[in-house]
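Encoded as structure tokens, the structure appears first; notes follow it.
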Amino acid sequence: MAGKILLIFLCMNVISFSVNASLRPHACAVESGGKCSESGEWKGEFFPGIPKIKYEGPDSQNPLAYRWYNAEEVIFGRKMKDWLRFSVAFWHTFRGTGVDPFGAPTKYWPWEDGTNSIAMAKRRMRANFEFINKLGIDRWCFHDRDIAPEGKTIQETNSNLDEVVKLAKELQGDNIRPLWGTAQLFMHPRYMHGGCTSSELGVYVYAAAQVKKAMEVTHYLGGENYVFWGGREGYQTLLNTDMEYELDHMARFLEAAVAYKKKIGFKGTLLIEPKPQEPTKHQYDWDAATTTNFLQRHGLIGEFKLNIECNHATLSGHSCHHDVETARINGLLGNIDANSGDAQTGWDTDQFLTDIGEATMIMISVIKNGGLEPGGLNFDAKLRRESTDVEDMFIAHIVGMDTLARGLRNAAKLIEDGSLSELTHRRYESFENELGALIEAGRASFEMLEKKAIEWGEPKVASAKQELAEMIFQSFL
């Protein structure tokens, strides 16, 4: 019986793969207006019929126009584009297929030929820069293995990467650069136990070589930051895990990265991106507070900042604003991966952020931080599985950009008005006296405080006025 079930399962998979192959377009599909030469190279636009996206104002009904993002508009002495510093995520935008654990890919972009060849990698890179230029932004982010295929050896893999990166450098010109680059240390089977926390020395060595190369190409492309996301740096069970040993190995790995950054003259910021779990059951950089503690324990404060991803914050049980603010007050807010999850699911759905309230709270922290530069707002977000039109790529980014631009406008108005900050200030007025100053200076002993408690008796406790705070906040949305 078990054999029959296995045979049926295998047959179903063969049928599934056959159907997918029949649906996949040929190397030079021309349905959307592109043309191919005899050599198979793509000619013409990748996005024909899509104009350069422009600002048309809040009353516009054009889905291919900005309603709130006006790049040159000045807010608090700085252009909107410089507050927001938007970036396109190459992996979601150009490598996302719509696949999920229960279904095959749903997205077959006209320029794809179904391969992971160097020629295809170059074609995607050309599409990427046409997309960026039409959106009117000047930053992008990448994983090394998303932009170039892995070879049979490290040398071949590095050669592949160099070839594609050379083209990217040419296409960037003088105005576009990576917001950040990173190494993909989670997809290949070699990383099933982690990269820098793997129980296998050979994997640790291989991960170091991969990060070294990824840092080099990020530097070559003029990248402003370099990110470490430890999707496999964690555990499934503590029964077979030496957590202290693995955490110390991770610290040594990061120390080596700092040393190499300085050796090659890379001036960008090194960023750690917290996430609580998925794909591991427990990831070591769980949230902003946990990661801050790790950096402090290992003497790495001053060498790293945090890249806060909104959906990761919610997976850890926080709001995005909470982790952004935690990073800010610790002097570690370096970048934000702007996305969101779904309250009804328990995994990383990587949706475009469209919540105006959350965007406003995030931008309050960004303004208090004095901006994010050299970091920015990267759209680590993907189209829904059911969104399969090429124009959906633009619409998704437009709504994400407009949401954060609207959040920036709202935050500026809230700060200028002052009502909310005044309400918050009044909550702590009781400390504005000599005793409060002694407490804040660390000069109030328990004996001194006990005498005051006896003298004053039962304290009066004022209302927090939460509903009033919410009313004020909502009035600016």
Looking only at helices (runs of 4 or more DSSP H) that fall completely inside segment 99-218, which ones have 2 or more residues that are β-branched (Val, Ile, Thr) and open to solvent by less than 10 Å² (accessible area, probe 1.4 Å)? 154-172
Those residues that are on the phi < 0 side of the Ramachandran plot and open to solvent by less than 70 Å² (accessible area, probe 1.4 Å), I need them from segment 440-456; list them, please. Ala441, Ala444, Ser445, Met448, Leu449, Lys452, Ala453
For segment 219-247, give me the residue count where each residue is open to solvent by 50 Å² or more (accessible area, probe 1.4 Å) and not aliphatic (A, V, I, L, M). 9
For Arg409, are the conditions met, namely being surrounded by fewer than 16 Cβ atoms within 10 Å (Cβ to Cβ) and touching a residue at least 12 places away in the same chain (Cβ under 8 Å)? no
Take the conditions out of contact with any Asp or Glu (no Cβ under 8 Å at 6 or more places or on another chain) and in contact (Cβ under 8 Å) with a residue 40 or more places away in the chain and apply them to Thr345. Does it pass? no
Which condition does Leu423 not pass, out of (1) more than 28 Å from Gly371 (Cα to Cα); (2) open to solvent by less than 90 Å² (accessible area, probe 1.4 Å); (3) aliphatic (A, V, I, L, M), if it passes all the others? (1)
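Inspect all residues belonging to segment 255-274 and state whether any of them is touching a Cys at 6+ places or on another chain (Cβ under 6 Å) and buried (at least 21 other Cβ atoms within 10 Å of the Cβ). Steps first, answer last, please.
To start, the set of residues in segment 255-274 that are touching a Cys at 6+ places or on another chain (Cβ under 6 Å) comprises none.
For segment 255-274, residues touching a Cys at 6+ places or on another chain (Cβ under 6 Å) and buried (at least 21 other Cβ atoms within 10 Å of the Cβ): absent.
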If you go through segment 256-284, how many residues are touching a strand residue (DSSP E or B) at 6+ places or on another chain (Cβ under 6 Å) and acidic (Asp, Glu)? 1
Where a residue in segment 78-93 is closer than 18 Å to Trp111 by Cα and hydroxyl-bearing (Ser, Thr, Tyr) and its partner, wherever it lies, is at pLDDT 95 or above and open to solvent by 10 Å² or more (accessible area, probe 1.4 Å), with Cβ under 8 Å and at least six apart: Thr93/Lys382
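Being part of a helix (DSSP H, G or I) and free of Cβ contacts under 8 Å to residues at least 24 places away in the same chain is the filter here; which residues of segment 412-425 pass it?
Glu416, Ser421, Glu422, His425
Run down Trp83, Trp91 and say which single residue is among the aromatic types (Phe, Trp, Tyr), under 23 Å from Phe379 (Cα atoms) and touching a Gly at 6+ places or on another chain (Cβ under 7 Å).
Values: Trp91 fails: touching a Gly at 6+ places or on another chain (Cβ under 7 Å).
Criteria check complete, one pass: Trp83.
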When you look at Glu73, is it at pLDDT 95 or above and either under 23 Å from Ile364 (Cβ atoms) or among the aliphatic types (A, V, I, L, M) (or both), yes or no? yes
Condition (residue is touching a residue at least 60 places away in the same chain (Cβ under 8 Å), in contact with a Leu (Cβ under 6 Å, 6 or more places away or on another chain) and closer than 23 Å to Met393 by Cβ) applied to segment 218-237: is it met by at least one residue? yes
Can you find a residue in segment 185-193 that is modelled with pLDDT of 95 or more and closer than 19 Å to Glu255 by Cα? yes
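Which residues, counting only those in segment 251-276, are in a helix (DSSP H, G or I) and in contact with a helix residue (DSSP H, G or I) (Cβ under 8 Å, 6 or more places away or on another chain)? Explain how you work it out, then say what you get.
Here is the first cut: in segment 251-276, the ones in a helix (DSSP H, G or I) are 251-264.
Listed by number, the residues that qualify are Ala251, Phe253, Ala256, Ala257, Tyr260, Lys261, Ile264.
Somewhere in segment 413-427, is a residue at pLDDT 95 or above, under 30 Å from Phe94 (Cβ atoms), among the β-branched types (Val, Ile, Thr) and out of contact with any helix residue (DSSP H, G or I) (no Cβ under 6 Å at 6 or more places or on another chain)?
Taking segment 413-427 and keeping what is at pLDDT 95 or above, we get 413-427.
Then drop every residue that is not under 30 Å from Phe94 (Cβ atoms), which leaves none.
Among the residues of segment 413-427, not one is at pLDDT 95 or above, under 30 Å from Phe94 (Cβ atoms), among the β-branched types (Val, Ile, Thr) and out of contact with any helix residue (DSSP H, G or I) (no Cβ under 6 Å at 6 or more places or on another chain), which makes the answer no.
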Of (1) assigned to a helix (DSSP H, G or I); (2) open to solvent by less than 60 Å² (accessible area, probe 1.4 Å), Asp82 fails just (2)
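The values are calculated or read from the model by the stated rules, or taken from the named source; none is laboratory data. Values in this document were obtained by computation on a predicted structure and should not be read as measured data. With ideal geometry, Cβ positions are generated from the backbone for all residues, glycine too; neighbour counts draw on all protein chains shown. Areas reflect the complete protein model, heavy atoms only, side chains present, ligands, DNA and RNA absent. Shrake-Rupley method; radii C 1.70, N 1.55, O 1.52, S 1.80 Å.
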